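The structure appears below as C-alpha cells.
Quick note: the coordinates plus some simple rules give every number you see, no bench work behind them. Small disclaimer: the values here were computed from a predicted structure and weren't measured. So basically every Cβ, Gly included, is an ideal-geometry build from the backbone, and we count neighbours across all protein chains shown.
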Amino acid sequence: MTAAAAEAARTSDGWARRFAGPVRHAAKLLFSVALTFLGLTCVTFFIGRVIPIDPVLAIVGDKASIETYNRVRIEIGLDQPIPVQYWRYLTKVLHGDFGVSVITARPVLDDLLRVFPATIELSMFALIIGVVLGIPLGVVAATHRGRWQDQVIRFASLLGYSMPVFWLGLIGLLTFYAKLGWVEGPGRLDIGFDDIVPTVTGLLTVDSLIEGDSDVFWNSISHLVLPSSILGYLSLAYVARMTRSFMLGQLKQEYILATLAKGLSPFRVVWVHALGNVWVQLVTVIALTFGSLLEGAVLTETVFAWPGLGLYMKNSLFNADLNAVLGGTMLVGVVYIGLNMLSDLLYPLVDPRAREQR
Amino acid sequence: MTDTVAWRGWLLDPAPASRRQARLGRWYRAWMAFRRNGLAMTGLAIVLALVLMAIVAPLIADPASANLQVLEDRLQPWSSAHWVGTDELGRDILVRVLFGARITLTIVALVSLIVVPIGLSIGLPAGYFGGWIDAVLMRITDIFLSFPRLVLALAFAAALGPGIENAVIAIALTTWPPYARLARAETLTRRRSEFIEAAELQGASHLRIILTQIVPLCLPSVIIRLTLDMAGIILTAAGLGFLGLGAQPPAAEWGAMVSSGRQVLLDQWWVATVPGLAIFVTSLGFNLLGDGLRDVADSRSA
C-alpha cells in the first residue's frame, strides 16, 4: 500500500474505505488478467510455431512449385520476424479471428460458438448436481466428524478423485444404457429428434422448453442425465471435500458455542450460521469446479459422442487442424481466466481479511 | 524381545544423543502415526504392490508376450490360460496390465523428476530474494497456473506429436506451478529465521543457504504434495493415452487399452474395464497414501 493510498483510506469516510480496497484490487486484477491473457496467447502462438506441420504445405499441398510455396509463405507472413508475427497473431485473436478450420472450412470462431453450448449444457448440469449434493454432504461430514457418516462421505469423495472419468463413463454406458436401458445412449438427441427445435440458446433442454416440445425435452434430458451425473460426481467429490474442511474451520469458532448457548437449534446454527459464513469460500470453489468440468468434458464428450467443445478439439487434433485446436485452447483458457478473475473479485468483497492482505 | 524394546526405546528417547538418533526417532514417530491410519496403509500397500508388479513383470511373464498376438484367441473371456481374458488382438489382458504398470510408473517418475527441480528453482529464488524477482517469477507461475491442465497438455501433445515422451513433457509443463508456489511459501516462512541469519553472518553465499538450509526444509511438503499429485498425473496420462496422445500402440498403456476396448464394450466388456480398473486402483492408492502423509505432517505441526 502506498503512502497516499493509506492516507486516503484513513481520512475518507466508511464507504470509500470499504470500496477503495476492492476497487484497487479490481484494477490490479484486471492488469494481471491482461497479463495472463497475453501469456495464454504467447503459449498458443508458441505451440503454433513448434508444431511439426509446415503451415505453408498444409495450404498449398506438397505438389506445389517452389514459387507458389514462397508466395504463400509471404502471404501468411511467415517471412516476418517472430515479434511481428506474434503481434499480427495477437491483433487477429483480439478481433476474434482464430483462422479457418481445415476440416469444416469455416471460421474457427463460428465452429467454437456452435459447439460450445453443448459443453456448457453438460457442465452446468454436472455443476448443479455437484453443488446440490456436494454441499450438504460436506456439511454432514463436518458435523459428524470421525463418525461413520464422515467416513462414508470422505471415502466416496476420494473415489471420485481417483476415478478416470472416461472409464466411469464407459461403465455407465454399459450398465445404464446397454444392460438396463434406463437412459439413452451417446449423443445429445436420438437421430429422429435432430433439427426439430430451432436453435435459440444452443442448450437443447432450454430450446425445447421455449418451443414447448416435450418429446425433444425429455429425449435430451435422457441423453444428458448419464454424462452429467458422471461429471457431476467428480465435482461433487471436490465440493464435498472443500465444504467439509471449510465447515470444520467454522465449527471450531467461538460464535458457534455462543449461538448454541443462546438457545438456537443446532440445525439452525449449522445450516444457517456456519454455512452462511462458508458461502464466500464456496463460491470460489464452485467457480474453479466449473473450470475443471470443462476439462473433464473433453474426455466425457469423447466417450459419449457429445458434440461439444471437447469432441471438436479432439477431432481437430487428429485431423491436424491446428487453428481449431488452438482456438479451442484459447476459448477454454479465456473461460478459465474469467472464472479465476470472478472468484478473485468475489473473495475480498466479502472477506475483510483478504482485503487487508492485498 | 528385549532387543526390540531397546531398539524402540532408543528411537523414542526424549533426549536423543545424536542428530541421527533424533532424525530417525522423528521418522519413527511419524511412521507410528501413519501406521494407525488404516486407509493410508491401504494406499501404501497398493503403491508398493504396483512397484512390485512393475519390477517382477518381466520375471513372471515374457516381455514379448505382452504384445504377442494370437488372433485365434481374440476376445476370450477369462479362463485358466488368460485370467482376465484377451483383447481384440488375442493378447493376454492381465499381462498387458502388468506391463502397463511399468509405463505408468515411468511417466509418474519422469514427471516428478522434471517438476520438482523446476518448481524449486522458480519458487525458492522468488521467496528468498523477494522484490522484482519474486514479482516476475510468480507472474509467470500464475500464467501457467491459470491454464486448464488437460487442455493445455492436449495442445502441447498435439504440437509435439503423440508419444510417451511428449505426454510426459506436456504433463510436466502443466504440473510445476503449484510446486513453485509451495516452495516460495515455505521459503518465505523461513527467510527471516535466525538460522538463516547465522548462516549469512558466517559468510555463506545465497546459493549455499538456499541449497543447504532451505531446500531440506521445503522437501517434506513438496514430497507430500507430489504424492497427492501423482494420482492426478496418472489420470492425466491415462486421459491422454485414452485420447490417443500418450504411448502409441502396441505399447501396453492403460488409457490406450481402455480406448481400444471401447469398440467391443457391449459384448466383451472386460477388454475396456480391466485396464480402467488398474488406473482407478492405482490413483486411489496414491490418493490414500498422500492423504495419510499429509495427516501425519499436519498432526506433527499442530
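So here's what we get for this one:
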read-out	value
Cα-based shape type of the protein assembly as shown, given that a ≥ b ≥ c are square roots of the gyration tensor eigenvalues and the cut on a/c is 1.5	rounded
Chain B: relative contact order as a whole-number percent, Cα under 8 Å and 6+ apart	23 percent
Local net charge near residue B:197, Cβ-Cβ under 12 Å (Lys/Arg +1, Asp/Glu -1)	+1
Which of A:157, A:93, A:143, positive extreme of dipole for the range A:84-159 (C-beta unit charges)	A:143
Rel. contact order, % - alpha carbon contacts under 8 angstrom, at least six apart, the range A:71-175	9 percent
Sequence of A:106, A:73, B:181 once ranked by neighbouring C-beta atoms within 10 Å, starting from the fewest	A:106, A:73, B:181
Dipole of the range B:74-176 [Lys/Arg +1, Asp/Glu -1 at C-beta], most positive-end residue of B:157, B:110, B:98	B:98
Choice from B:34, B:195, B:156 with maximal GNM fluctuation in chain B (Cα, 10 Å cutoff)	B:195
Kirkwood-based Rg to Rh ratio, chain A, C-alpha trace	1.05
Choice from A:27, A:142, A:240 with maximal GNM fluctuation in chain A (Cα, 10 Å cutoff)	A:27
Residues residue A:31 and residue A:201, FRET efficiency given R0 of 45 Å [Cβ-Cβ distance, rounded to 0.05]	0.85
Assigned charges on the beta-carbon of Lys, Arg, Asp, Glu; the range A:113-264 dipole about Cα centre (debye)	1200 debye
Nearest 10 degrees, 0 to 90: helix A:322-350 Cα axis against chain A principal axis	20 degrees
Nearest 10 degrees, 0 to 90: helix B:93-129 Cα axis against chain B principal axis	30 degrees
Shape category assigned to the range A:154-219 from the gyration tensor of Cα positions, a/c cut at 1.5	prolate
Given charges at beta-carbon only (K, R positive; D, E negative), |dipole| of the range A:56-127 in Debye	80 debye
Efficiency of FRET from Cβ geometry, residue A:255 and residue A:180, R₀ 41 Å, rounded to 0.05	0.25
Anisotropy class of the range B:1-47 from Cα gyration tensor, a/c 1.5 cut	prolate
The range A:172-217, relative contact order in percent, only Cα pairs under 8 angstrom and at least six apart counted	24 percent
Gaussian network model of chain A, springs between alpha carbon atoms under 10 Å - residue of A:307, A:198, A:227 with greatest fluctuation	A:198
Crossing angle, helix A:309-318 versus chain A [Cα axis fit, 0-90 degrees, rounded to tens]	40 degrees
Pairwise FRET efficiency - residue B:48 versus residue A:124, Cβ, R0 = 45 Å, nearest 0.05	0.60
